[in-house]
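Pasting in a structure now, in structure tokens, and then I'll have a few things to ask.
FYI, it's all coordinate maths here, none of it is from the lab. This structure is a prediction, so every number in the text was calculated from the model and none was measured. A quick note on method: Cβ atoms are made from the backbone with ideal geometry, for glycine too, and the neighbour counts reach across all protein chains shown.
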């Protein structure tokens with residue numbers, strides 16, 4: 001049994017571990033690093049947090065800009 005290629009390759013050798021045949025498309029549900037912690041929020045705060053989470057999932061973004069947050073807030077019916 002030999003050593004894996006990544007362990008035997010030199011420090012300047014690039015090892016491509018991607019296998020184009022194994023790609024199954026986008027994940028059905030995004031894996032979250034942290035559990036949702038919206039329980040301690042007010043009902044309005046919880047609604048905003050869920051709307052921001054939905055926006056991030058829909059647009060496949062981990063972080064959103066201030067303008068995108070403003071768009072989410074306006075989509076909930078808030079205005080100046």
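Can you sort 38, 79 so the residue with the fewest Cβ neighbours within 10 Å comes first? Show your work: numbers first, answer last.
Values: 38 13, 79 6.
So the ranking, lowest neighbour count to highest, is 79, 38.
Return the distance in nm (one decimal) between the two label points of a simple spin-label model at residue 75 and residue 40, each offset 7 Å from Cα along Cα→Cβ.
That separation, rounded to one decimal, is 2.7 nm.
Something else: Can you pull the one-decimal nm distance between simple spin-label points at residue 55 and residue 14, each 7 Å off the Cα toward Cβ?
Result for the modelled spin labels: 3.6 nm.
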